[in-house]
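Taking it in order: structure first as structure tokens, then the write-up.
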Amino acid sequence: MVYRFPYFQFSVVLVLCVSSKRKSTLCLSTRTTFNEVKERGKKMAGGGIVDPNSGARAHLYEYKITSYFILSCILGSLGGALFGYDLGVSGGVTSMDDFLKEFFPGVYRRKQESLHETNYCKYNNQLLTLFTSSLYIAALLSTFGASHVTRNKGRRISIICGSISFFAGAILNAAAQNIAMLIIGRILLGVGIGFGNQAVPLYLSEMAPAKVRGAVNQLFQLTTCVGILVANFVNYGIEKIHPWGWRLSLGLATVPAIAMFIGGIFLPETPNSLVEQGRLEEAREVLEKVRGTPKVDAEFADLIDASKAAKAIEDPFRNLLKRKNRPSLIIGGLGIPAFQQLTGMNSILFYAPVIFQSLGFGSSASLYSAAFTSGALVIATLISMAFVDKFGRRAFFLEAGVELFCCSVAIAITLALKFGEGTVLPKGIGIFLVIIICVFVLAYGRSWGPLGWLVPSELFPLETRSAGQSMVVCVNMFFTGVIAQGFLPALCYLKYGIFLLFAALILCMSFFIYFLLPETKQVPIEEIHLLWRNHWLWKRCCGPEENEQELTQKKGDLKV
């Protein structure tokens with residue numbers, strides 16, 4: 001299925017959502033675009049060939065953009081708001097004086113005595129960073145349990161479980177009287193995020209018609225960015241409430257958790273999950289309601305066939321290690337989710353207020369600047385949703401890589417020249433750094449941010465898709481936790497050099513994309529595996545398993 005007009009489709013979704021009208025009569029037939037792909041029959045960008053005989057029923061799919069479908073996707077995507085709100089609120093809280101006085105008095109004293117030591121080291125405290133990183137360690141471990149629940153009990157149940165755990169963690173953090181309560185609360189928040197990040201992208205992909213899957217899947221990133229933006233404005237307003245404003249910031253995390261829980265109760269289960277559970281009549285009913293038409297015979301038959309193929313795989317995680325699945329494992333399961341965090345973006349999101357205070361901004365000014373950068377992240381995500389299916393994944397990755405590299409080098413040079421021992425940056429230099437960080441955020445927000453979730457969801461074949469999503473979440477949370485735990489010590493010891501390190505990593509990940517990732521734009525998801533057969537590297541070292549077996553058999557015959 002080819003998604004040709006992303007900006008128009010996304011605009012239709014937003015207009016229908018705001019107006020809350022009844023079912024739209026706009027029927028987006030997939031016949032024309034699918035036939036165009038078949039007629040091309042040539043190499044796609046990145047070296048893929050589309051087989052005209054595969055997925056022959058896809059051109060028979062019919063659907064309408066209905067208010068029921070839009071509401072289901074919006075409610076389902078609220079899991080991203082949990083992740084985003086925590087990303088935004090934790091950095092703001094760790095820069096508030098009242099919070100530091102109560103739990104980290106040593107950090108507070110160093111903050112007040114900054115003229116006697118390097119400004120980079122004001123917030124270097126392992127317990128303080130553990131407050132942030134413990135959440136992501138818990139999310140890493142919980143994703144495997146979430147995978148089991150998502151696969152066997154359904155996507156909706158995982159979303160509900162995640163909201164309950166996140167709610168409990170928010171309450172415990174808001175009422176914390178010691179560091180132990182803070183850490184336990186963060187662990188519960190992490191479990192909630194582990195369940196949400198496992199189930200929500202999968203839910204959105206399965207509910208969406210293939211033609212708008214790219215934009216719909218990025219709703220997860222959009223709600224994440226909105227959550228970050230809201231959290232920064234909350235911190236900015238609450239920072240003036242003494243001495244308990246930080247408790248309100250942490251406690252307000254219950255709001256997206258409640259919204260996600262209510263949404264989970266009323267959400268329909270995905271037809272894919274219902275078919276996997278053997279509830280065929282209910283699956284057919286939900287599919288007709290989501291698609292807005294009773295003419296779903298072709299798609300329903302494909303769901304049943306896909307479910308049978310998936311059930312034939314006894315161990316999806318072991319299947320990931322097969323020769324034919326190595327490209328999707330290396331690129332989608334390991335490379336992209338790891339590099340998504342190694343851009344340095346989450347360091348800015350975690351500690352934006354801390355960074356700006358270290359650069360000489362006042363407490364309120366630092367929170368305001370952090371809110372400004374998170375607003376840029378929302379705008380960038382909307383740009384990505386509108387144009388990524390037009391310009392392609394590789395183009396966004398590579399173009400943004402140049403910007404990210406240049407911005408990291410510019411930040412490092414500026415700090416090396418103007419930011420010394422106990423020196424407050426001049427106002428002009430501070431504004432320049434805020435602008436550079438905003439450019440960095442805009443580049444990340446339309447590339448590695450949303451595509452870090454979208455591209456892996458495209459690369460895994462059906463039989464390993466759930467296991468692959470668990471691998472994506474696991475690797476993502478692992479490196480998120482490493483960055484959260486290690487950034488402030490690295491900032492202290494490497495000083496401006498930390499941004500040069502990120503620049504080197506950005507250069508490496510750009511080469512990774514250029515040489516290893518074929519273009520998946522306008523390639524039906526069922527045909528992604530054909531890209532590996534025509535890739536300069538993957539066709540040599542990761543060919544079909546059957547060819548390897550045949551070669552072994554021939555060698556045995558020759559010996560005989």
Sort out for me the helices (runs of 4 or more DSSP H) sitting completely within segment 254-301 that have 2 or more residues that are within 21 Å of SER165 (Cα to Cα).
254-266
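Tell me yes or no: at least one residue of segment 510-521 is out of contact with any strand residue (DSSP E or B) (no Cβ under 9 Å at 6 or more places or on another chain), at pLDDT below 85 and assigned to a helix (DSSP H, G or I).
Within segment 510-521 (the criterion being out of contact with any strand residue (DSSP E or B) (no Cβ under 9 Å at 6 or more places or on another chain), at pLDDT below 85 and assigned to a helix (DSSP H, G or I)), the answer is no, since none of the residues qualifies.
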Residue by residue through segment 167-182, note down the ones that are open to solvent by 30 Å² or more (accessible area, probe 1.4 Å) and either part of a helix (DSSP H, G or I) or of a type outside the set (S, T, N, Q) (or both).
PHE167, ALA168, ILE171, LEU172, ALA175, ILE179, ALA180, MET181
Note down all Cβ pairs under 7 Å where the first residue falls in segment 96-108 and is over 16 Å from ALA176 (Cα atoms), the second is open to solvent by less than 10 Å² (accessible area, probe 1.4 Å) and in a helix (DSSP H, G or I), and they're at least six residues apart or on different chains.
VAL107/LEU100; VAL107/LEU128; TYR108/LEU100
Would you mind finding the one in GLY428, GLY452, GLY468, GLY375 that is without any contact (Cβ under 8 Å) to a residue 24 or more places away in the chain and part of a helix (DSSP H, G or I)?
GLY428
Selection from segment 140-151 of residues of a type outside the set (A, V, I, L, M, F, W, C) and open to solvent by less than 70 Å² (accessible area, probe 1.4 Å) yields SER142, THR143, GLY145, SER147, THR150
Positions within segment 485-516 being free of Cβ contacts under 8 Å to residues at least 40 places away in the same chain, among the aliphatic types (A, V, I, L, M) and over 27 Å from LEU135 (Cα atoms), in sequence order
ALA504
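Residues are listed down the side, and each one gets a yes or a no for (1) under 27 Å from VAL230 (Cα atoms); (2) open to solvent by 10 Å² or more (accessible area, probe 1.4 Å); (3) acidic (Asp, Glu); (4) at pLDDT 85 or above:
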site	(1), (2), (3), (4)
PHE405	no, yes, no, yes
ILE413	no, yes, no, yes
PHE419	no, yes, no, no
SER447	yes, no, no, yes
Would you mind stating whether SER466 is of a type in the set (Gly, Ala, Ser) and more than 20 Å from ALA400 (Cα to Cα)?
yes
Could you grab me the full set of residues in segment 383-403 that are open to solvent by less than 10 Å² (accessible area, probe 1.4 Å) and under 23 Å from LEU494 (Cβ atoms)?
GLY401
Just to be sure I understand, how many residues within segment 307-321 are of a type in the set (A, V, I, L, M), surrounded by 13 or more Cβ atoms within 10 Å (Cβ to Cβ) and either part of a helix (DSSP H, G or I) or over 29 Å from the mean Cα position of the chain (by Cα) (or both)?
1
Given the condition crowded, with 20+ Cβ neighbours inside 10 Å, modelled with pLDDT of 70 or more, of a type outside the set (A, V, I, L, M, F, W, C) and under 15 Å from the mean Cα position of the chain (by Cα), answer yes or no: does some residue in segment 360-373 qualify?
no
If the requirement is being crowded, with 23+ Cβ neighbours inside 10 Å and under 24 Å from GLU285 (Cβ atoms), which of these qualifies: LEU204, LEU250?
LEU204
Hey, ARG151 of a type in the set (D, E, K, R) and closer than 18 Å to LEU75 by Cα or not:
no
So, in segment 260-306, exactly how many residues are open to solvent by 40 Å² or more (accessible area, probe 1.4 Å) and aliphatic (A, V, I, L, M)?
4
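The values are calculated or read from the model by the stated rules, or taken from the named source; none is laboratory data. A quick note: this is a predicted structure, and the numbers were derived from the prediction, not measured. Using ideal geometry, Cβ is built from the backbone for each residue, glycine included, and neighbour counts are taken over all protein chains shown. Protein only, heavy atoms only, side chains kept; ligands, DNA and RNA dropped before computing areas. Shrake-Rupley method; radii C 1.70, N 1.55, O 1.52, S 1.80 Å.
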